[in-house]
Each structure stands twice: as structure tokens, then as C-alpha cells.
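Okay, so here's the structure we're looking at.
The values are calculated or read from the model by the stated rules, or taken from the named source; none is laboratory data. This structure is a prediction, so every number in the text was calculated from the model and none was measured. Neighbour counts are summed over all protein chains in view; Cβ atoms, including those assigned to glycine, are modelled from backbone coordinates with ideal geometry. Just so you know, the surface numbers come from the protein's heavy atoms only, side chains and all, with ligands and any DNA or RNA stripped out. Shrake-Rupley method; radii C 1.70, N 1.55, O 1.52, S 1.80 Å.
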Amino acid sequence: MKERKWISKTDGIVLCALVLCAAGCLLWRAFAQPGAVATVTVDGETVLQIDLQTAADAQSYTLENGVRLVAEDHAVRFAESDCPDGICMETGAISKAGETAACVPNRTVVYITGGTANDVDMIVY
Amino acid sequence: MKAKTYRIALTGLLGACAVALSYLESLLPTAAFLPPGAKPGLSNLANMFAAEVLGPLPAFGIAFLKAGFAALTRGGTAGIMSLCGGIFSTAVMLLLFRKDRKLGYVGIGVISAVCHNLGQLCVAAAMVGNLSVLAYLPALLLFGVVAGALTGLICRAVSPMLRKVTARFQIKS
């Protein structure tokens, strides 16, 4: 049996394919338009939509699960969450269409879309 | 069977190494240009060696051990994500080490790292009930390629020494 190489030609092909794929996606996203609406979902249900075009001053939203979001400068970020790793807060502010910030332990996702806000301004339980 | 006992002991040792490596990684500062939550996944070294030399049971055992450690230290959500990523990537490693002859260590490391990320992301999407988290995928792919290549290289580098241990105690997969 031939011994396995450190790195082979096939490895190179796989590597290039993956890097090209990922770089393409990232590049495409880098030129994305600034988004208009931030949609917040908890457990897959939309609980809040924030119009980012009007969100110039810092505005704070506290969700039922204790997560606090702050919208300012046409961007939105996780400001407070009781999750153990705090990945959602590390993500920082997002503002471009297609960008996402998620807090998996709290089942909360914020994503930005380009369109205008629906007639639903805020759903309160 | 003495060899069997040795094999179990070695699996435990590798599992402990994996846990220690995960802990060391958690001490690393997070850089701004990296996707949030991304870690080099050096503990996959233990899985990779187990998948290559020891066989399926030890490899999956280590994946379970790592998930248990993640659940204890970083909460249940992290545990489930670690478990699904770990099982998926370990299964792919086992398959590649057995069936494939063209890939090198770097290739297997990269593919399994990417599978680990993919598994985790799919679970995350299922848990939050929203596919938009898949937007992390490109950044995680890119990071997985780098981390996986590193894991593959280190695995190849330390493999001869670990093989000496398995040969000394007549451990077979």
C-alpha cells in the first residue's frame, strides 16, 4: 500500500475550489447594497422589524427572551444577551442586505433585507 | 485481550488531549477579521489520528467526549453544535482514510474541517428556525480551509510518533 502524501494534487484542486467558492461569495457580498430593514426572528417567528433608514439615533429594543438590540447609524447589533459565548455580540453591527447576526442559544436571528418594511412594524406578544 | 485494553486507554488519552486543545483554543483572542465564533479546531487532530489509526469506535468516542466537554463548559447549545459537527466530520474522515487514495493529509484535514463547520451551521439553522444563518458559510469555508490544512499537516507530523505507541502495544483498528 502506498503511503499517503502530506499534500497531493487532488488536495490542491479541492483547496482551490473551496477558496474560490468562498471568496466569490464574500466578494459578491462586499458590494451588497446597504439594507433597508432589519428583521428579528425568535424560534423562526418574526418578532420585530426595524426600519434602518430612519434609525439614525441609538434606539434600543429588548426582546421577550432578554436579548437587547441596538439600532444606530443605519445598522443594528446585539447589545446584550445572556448566552454563554457571546458570539452574537462579537458579530458587531450589521447594515448590508444579506448580512446576518445570530444568537443560537437564544434562538434569535437578525438579518437585513433590501426591501422596505412591511406593514408590520412591531409584533408584541 | 490486552491490546483491546490498551486501545481503550489510548482513546481516553486522545480524548483528554482533544479536550485540552479545545480549552487552549478558547483562550485565544478573537480577531476582527475572523468570522465570529470561528476556532482553529485543533482538537480535530485527535479525531483525525483516531480515524486514521484506531478505527470508528475510538474516533466517534472522542467526538462524543468533545461534545460533552463543550456542553459542560459552554452550554447545551454549544454541545449539540459540537456533537453534530464532530460526528459529521469524523464520519467523513473515516470514509476518506479508508476509501480514498488520492487525497493527502491536507486534503482530508480541509474536507473534514469544512464538514465540521457545515454540520454545525445546519444545526444552528435548525435551532434558530431560520436559514439566514447560512450567510456565515462563505467565511466559515475560508477559515475551515486554513484551519483544516493546518490540522492535516500537524496530524501527518505527529502521526509517526503516535504510531510507535500503537505498534508498541500491538493496537490495531
For B:LYS99, counting only lysines whose alpha-carbon sits under 22 Å away and dropping same-chain residues fewer than eight positions off, the answer is A:LYS2, A:LYS5, A:LYS9, B:LYS172
Residue-normalised accessible area of the protein assembly as shown, given per residue in Å² at a 1.4 Å probe: 51 Å²
Rough spin-label spacing in nm, given labels placed 7 Å along Cα→Cβ, for B:VAL165 and B:TYR6: 1.2 nm
A:ALA93/B:LEU24 FRET efficiency (R0 30 Å; Cβ-Cβ; nearest 0.05): 0.50
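Rounded to the nearest 0.05, what FRET efficiency do B:LYS39 and A:GLU3 give with R0 = 35 Å and r taken as the Cβ-Cβ distance? Could you check? Spell out each step's value before the answer.
Working: r = 30 Å, r/R0 = 0.87.
According to the calculation, E is roughly 0.70.
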Placing one identical point scatterer on every Cα of chain B and ignoring solvent, what is log10 I(q)/I(0) from the Debye formula at q = 0.09 Å⁻¹? -0.29
Helical contribution to [θ] at 222 nm, DSSP H n ≥ 4, -39,500 (n - 2.57), averaged over chain A, rounded to 500: -6500 deg cm²/dmol
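Ignore the peptide's own chain and count Cβ atoms of other chains within 10 Å of each Cβ in B:15-23; give me the average, rounded. Please list the in-between numbers first.
Details: counts 0, 0, 0, 0, 0, 0, 0, 0, 0.
Per residue, the average neighbour count from other chains is 0.
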Using the per-residue mean of other Cβ atoms lying within 10 Å as a proxy for protection, in what order, highest first, do the peptides B:66-74, A:62-70 fall? B:66-74, A:62-70
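Give me the accessible area buried between chains A and B, both sides summed, with a 1.4 Å probe, in Å² rounded to the nearest 100. Before the final figure, lay out each step's value.
Working: alone 8730 and 9610 Å², together 15200 Å².
The contact between B and A buries close to 3100 Å².
Residue by residue through B:132-139, how many Cβ atoms from other chains fall within 10 Å of the Cβ on average?
Numbers: counts 12, 6, 1, 11, 4, 3, 9, 4.
Average per residue, whole number: 6.
Relative to the present Cα-Cα distance, how much length would full extension add between B:ALA157 and B:LYS172 at 0.36 nm per residue of separation? Could the numbers behind the result be given before it?
Working: separation 15, 0.36 × 15 = 5.40 nm, distance 2.02 nm.
Taking B:ALA157 through B:LYS172 to full extension adds about 3.4 nm, to one decimal.
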For B:ALA16, project a label point 7 Å along Cα to C-beta. Then give me every residue of segment B:50-75 with its amide nitrogen under 18 Å of that point. B:50, B:58-59, B:61-70
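Over all distinct Cα pairs, what is the inverse of the mean 1/r for segment A:37-113, reported as the Kirkwood hydrodynamic radius in Å?
Details: mean 1/r = 0.0834 Å⁻¹.
Averaging 1/r across every pair of different Cα atoms and inverting gives 12.0 Å.
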Heavy atoms only, probe 1.4 Å: what % of the accessible area of the protein assembly as shown goes to carbon and sulfur, would you let me know? 65 percent
